[in-house]
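Here is the structure we will look at.
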């Protein structure tokens, strides 16, 4: 089987394109979502790192300011040391106006930071962090920033040092050129104690400072690009695997569907082959039987184990001619079957010969029907001829009979003349009977059907011929195997048929014999079957072919019209007659009459 515009035996390119069109948006969405998740993860990691750095710096600043009274110079130095860590581009502290108070790059101190963000959310929540990505020259920086409150986060509403110490820290924090005061407590103070902060200037809500930590995104971008490439590669791989999986499922489904369709077609083909009315036999190139259908077994009556010689001859002829060949022949070893056989070579896809196929039908019945049709045609022609001849002969016969009777009376004293006239009268009467039979044969038969008891009908017909049976010592035997009691037919015509068959059997048995009448139901109970059998001399095939022809007889004193009339009566009654005979084995006449369904009744 050839598939056009398809993956061999599977699916069409349009179906494949449909699968790709469905899967591609799904995998693109999944891949983009994963890339976005990775980008968010990188930003969250940088935010966490920047937040941790700022918290650490605030903690260090807090410790230095509280423990050692650090000023801006120390914080500047700490910013410089902190900026040496990998991925840190800068750290700076600014005012709300953008003035840089401290920077990891000392040259930037005192300058204005021109990329100040919106600081309002930071003033509302001094503990929150914000982040952004901005370009600093050729470098992309991830910037984390917040409100710079080194003391407020932990000591909200109180100070770890007396008010004057806080005041000095504030003074030195914002006055980096002045020396830091020594760390000593006023008289009367206990070291390590805390007092309530008086209303002295310090890190109040009005003094807003902000810390910015810029993290280099070079390494993060490299990692993110690698992750993007990896994600896209995984997405493409999953897309290919998913597409192959879906296509594989579709191919498998198409295969299952094709296999199921093939199974149905094969089952249908096998059913067609087995139930076709003609016999079918196939053989291979070695003349071995490879298959045989039911009709072939029914026609031949058996299974073939080897091909017939006629098949082998046809196979050789087909192999040389490479075309179908037909023949009609007899199979004498199979009950004289007449077969009409057609052979055809079996070729594969490449045109190589693989075997031979033979289709045949039984012509035996067809030939028998043809003979019956020919017989009927001859009978019809002869009947027409007989009607005309009988009409022309009967009038002169009446005159001849009248003159013969006249001479018989006139010369009654002359015995020889009387005898001659008597012979003339007898012969005229014999000719007249023959003509009467001819007219009976030629004219349409009048049939008057009625319900007849089958047993009574057979008994009455036997009584009519009882004298002839006794004269030749013929024994009669009757078998009634039918389930029917009444039969709808013309009893007079059927009696005439049976009587003619009895007389035919009596003439075939010169030295006594046996006459059997068997009445049974026809095949499938469709009618009445009457078999009249004798063990007389039988008939050869040539005689069998002509027994129903008018004037055909094998007896010297027969008219040859008896069986012709029987055949005609049976046909007029809607029945059928067959003859089976073998020379020296006797003869069987088989009558079959279909039931007249509305009027056929069973014995109750």
Original post:
What do you reckon, is residue 566 surrounded by fewer than 19 Cβ atoms within 10 Å (Cβ to Cβ), touching a strand residue (DSSP E or B) at 6+ places or on another chain (Cβ under 8 Å) and within 30 Å of residue 431 (Cβ to Cβ)?
Top reply: no
Original post:
Take the residues of the stretch 459-494 that are crowded, with 18+ Cβ neighbours inside 10 Å and assigned to a helix (DSSP H, G or I): which is farthest from the chain's Cα centre (by Cα)?
Top reply: 469
Original post:
Which of the following residues is exposed (fewer than 13 other Cβ atoms within 10 Å of the Cβ), assigned by TED's automatic domain parsing to the domain that holds residue 376, part of a helix (DSSP H, G or I) and modelled with pLDDT of 80 or more: 430, 416?
Top reply: 416
**OP:** Tally the residues that are touching a residue at least 40 places away in the same chain (Cβ under 8 Å), over 27 Å from the mean Cα position of the chain (by Cα) and assigned to a loop (DSSP other than H, G, I, E, B), restricting the search to the stretch 270-303.
**Re:** 1
Subject >> Residue, surrounded by the most Cβ atoms within 10 Å (Cβ to Cβ), within the stretch 62-97, restricted to residues that are modelled with pLDDT of 80 or more and under 19 Å from residue 128 (Cα atoms) >> reply: 91
**OP:** Taking the options 215, 238, name whichever one is part of a helix (DSSP H, G or I) and either farther than 30 Å from residue 131 by Cβ or more than 39 Å from the chain's Cα centre (by Cα) (or both).
**Re:** 238
Subject >> Residue identified as assigned by TED's automatic domain parsing to the domain that holds residue 258, under 41 Å from the mean Cα position of the chain (by Cα) and either modelled with pLDDT under 75 or part of a helix (DSSP H, G or I) (or both) among 29, 57, 14 >> reply: 29
**OP:** Select from the stretch 32-54 the residues that are in contact with a helix residue (DSSP H, G or I) (Cβ under 8 Å, 6 or more places away or on another chain) and at pLDDT below 85 and write down the one among them that is nearest to residue 219 (Cα to Cα).
**Re:** 42
**OP:** Confirm whether residue 498 is at pLDDT below 85, within 60 Å of the chain's Cα centre (by Cα) and within 13 Å of residue 588 (Cα to Cα).
**Re:** no
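Matching residues to (1) at pLDDT below 80; (2) in a helix (DSSP H, G or I); (3) over 60 Å from the mean Cα position of the chain (by Cα); (4) surrounded by fewer than 12 Cβ atoms within 10 Å (Cβ to Cβ):
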site	(1), (2), (3), (4)
342	no, no, no, no
366	yes, yes, no, no
379	yes, yes, no, no
386	yes, yes, yes, no
424	no, yes, yes, no
**OP:** Check whether at least one residue in the stretch 189-209 is within 30 Å of residue 46 (Cα to Cα) and at pLDDT 80 or above, and report yes or no.
**Re:** yes
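The values are calculated or read from the model by the stated rules, or taken from the named source; none is laboratory data. In this text, all values refer to a predicted model and were calculated from it rather than measured experimentally. Neighbour counts run over all protein chains shown; Cβ positions are idealised from the backbone, glycine included.
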